[in-house]
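The structure under discussion appears below in the form of structure tokens.
The values are calculated or read from the model by the stated rules, or taken from the named source; none is laboratory data. Bear in mind that the values here come from a model prediction, so they are computed numbers and not experimental data. All Cβ positions, even for glycine, are placed from backbone atoms using ideal geometry, and neighbour counts span all protein chains on display. Note: areas computed on protein heavy atoms with side chains; ligands, DNA, RNA excluded. Shrake-Rupley method; radii C 1.70, N 1.55, O 1.52, S 1.80 Å.
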Amino acid sequence: MDAARQGAAPAWRNWAGNVSDSAPLVTPESLEELSDTVRAAAERGKRVRVAGSGHSFSGIASSDGVRIALTRMPIKVDVAGTSVTVPGGITLKRLNRELDSRGLALPNLGDIDAQTITGATQTGTHGTGAGFGGLASFVSAITLMRTDGSTVTCARGEPLFEAAVVGLGAFGVVTEVTLDCVPAFVLRAEERPSALESVLDGLDDLIAGNDHFEFFWFPYTSRAQVKLNNRVDAIDRPLPGWRRWLDDSFLSNTVFGAGLRVARRVPGFTRPFMKVSARGLSARTYTAASHEVFCTDRRVRFTEMEYGLPREALREALTGVRRVVDALPFPVAFPVEVRFTAADDPWLSHGHGRDSAYVAVHQFIGMPYEPYFREVERICLDLGGRPHWGKMHFAAPERLRAAYPRFADWQAERARFDPEGLFRSPFLDDLLP
Ligand SMILES: Cc1cc2nc3c(=O)[nH]c(=O)nc-3n(C[C@H](O)[C@H](O)[C@H](O)COP(=O)(O)OP(=O)(O)OC[C@H]3O[C@@H](n4cnc5c(N)ncnc54)[C@H](O)[C@@H]3O)c2cc1C
């Protein structure tokens, strides 16, 4: 491990600040150093977790052995038509930039671009859009570093791939990812307030009639904010810089954050604040490069749980969430986000084998959340829900495993790949039988 840098074990903390540990950090600068690091850890009996950007809310990135970050690894981008191979540690922000400069783009993205491509795919990260699976469904091949420091490449359709592409960090170090990209495209973003009931009544048309549809419901109100993103030919309605700053930075982050800080100190302020926020929702339409529309800045910190549901269960789930919110002994200070994806194949994808609707519940950082999330989780599990691996969940491991029909196959593949459990972690110890 000489060449690889080993830090003095600063405490590691995730983005939301709810998970931390003090595993020593190693940041190799080449494949050889990475291989040495993995082998050295194996020889010393230390378990290995690879770090992404620390944006998971669950304990999935937490390490009780060695943490390896790929931040110093060289970034090489290989393009063959619209297929692009990148290092596993590249951030989505950098990846979007690299693709854009080559006239390419990912077909869909989530809300932010701070994650690494592998951190995102390992947990089943998704955006919204009835025609699109999660980000892992754009991956056609991955290269994995095994416990002995050697590498193996596997491709879509092979059992190892379907297990490892949404692999919860259990399949070694993902050193390379090959992605099916598309020619760069422009989105027209349309955002408008609406009555929640009319959104739910028109759900099928909204889902089918738009490339990317989602909505946010504001607790204590019957209001929702609808977001419709559709492919168009040209950027003919750019958002002026001042308007982007006003909406996405000042109102969504600065003003909203200030209101939430008051709500945290004075819980009685929360309901009126949610109502005022819902009344203040406004409409806007603009066009921009796809990644600029999909991804925004999230400076207001929160905790989150998200469940994927069979799409037809959404209305019942939301009715339940509204009942839970009204009955809680503390206020909920964050909108509930609802998204949609197409069925996809990875064995532990939330959308495996079924069209999904997602219900994501949030709470401002520092405010109570667990009773809220637990109640919502109970409703979602009873409706056939599957937890997002990168977001909080509390259910018993046997219920989580039962939510994924290919869990036993995943487990068998994991055991074959890593019989000694070098890439296991406290999170996986809890999950695995
Ligand atoms: C503000 C915010 C917005 C979000 N928006 C969305 C969204 O729109 N949609 C959505 O689905 N989720 C969203 N998430 C969740 C987020 O996408 C996931 O938690 C994601 O896993 C975080 O990626 P990361 O790079 O931070 O990975 P980390 O959280 O650091 O790690 C996640 C897992 O990946 C493993 N891993 C990372 N790199 C490698 C590698 N090279 N090889 C092997 N294993 C590796 C880690 O060991 C760990 O098990 C959001 C989170 C936040 C904080």
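Using only the alpha carbon atoms of the chain, find the Kirkwood hydrodynamic radius as the inverse mean reciprocal pair distance, in angstroms to one decimal. Taking every pair of different Cα atoms in the chain, averaging 1/r and inverting gives 22.2 Å. In degrees from 0 to 90, rounded to the nearest 10, what is the angle of the helix 92-101 Cα long axis to the longest principal axis of the chain? Between the helix axis and the principal axis of the chain, the angle is about 90 degrees. Basic side chains Lys and Arg get +1 at the Cβ, acidic Asp and Glu get -1 at the Cβ, and with that the dipole of region 78-183 about its Cα centre reaches some 120 debye. Does region 186-393 classify as rounded, prolate or oblate by the C-alpha gyration tensor (a ≥ b ≥ c root eigenvalues; a/c under 1.5 gives rounded; else a/b over b/c gives prolate, otherwise oblate)? Oblate is the answer for region 186-393, as a/c is 1.5 or above yet b/c matches or exceeds a/b. Only Lys, Arg, Asp and Glu carry charge here, each on its Cβ (+1 for the first two, -1 for the last two); on that basis the chain has a dipole of about 1400 debye about its Cα centre. Listed by chain and number, the lysines placed with their C-alpha closer than 29 angstrom to that of K93 are K76, K227, K391; residues fewer than eight positions away on the same chain are left out. The residues neighbouring G353, those whose beta-carbon lies less than 15 Å from its own, together hold a net charge of -2 under the Lys/Arg +1, Asp/Glu -1 convention. Principal-axis analysis of the Cα atoms of the chain puts helix 31-43 at an angle of about 80° to the longest axis.
Once region 78-183 is represented by equal point scatterers at the alpha-carbon sites, with solvent omitted, what log10 I(q)/I(0) does the Debye formula produce at q = 0.11, 0.23 Å⁻¹? Taking Cα atoms of region 78-183 as identical point scatterers yields -0.30, -1.34.
Since only V226, A195, F256 are under comparison, the one whose Cα sits farthest along the positive direction of the charge dipole of region 178-256, derived from C-beta charges on Lys, Arg, Asp and Glu, is F256. Charging the Cβ of each Asp and Glu at -1 and of each Lys and Arg at +1, and nothing else, the dipole of region 148-218 about its Cα centre rounds to 220 debye.
Seen from every direction in turn and averaged, the convex hull around the alpha carbons of region 17-130 projects onto 8.4 nm². Accessible surface for region 186-393, divided over its residues, is 41 Å² per residue with a 1.4 Å probe. Expressed as a whole percent, the accessible area of region 27-161 that falls on carbon and sulfur atoms is 50 (1.4 Å probe).
Which listed residue (F216, A415, L144) has the Cα farthest towards the positive end of the charge dipole for the chain, taking +1 on Lys and Arg C-beta and -1 on Asp and Glu C-beta about the Cα centre? With unit charges placed on the Cβ atoms, the residue in question is F216.
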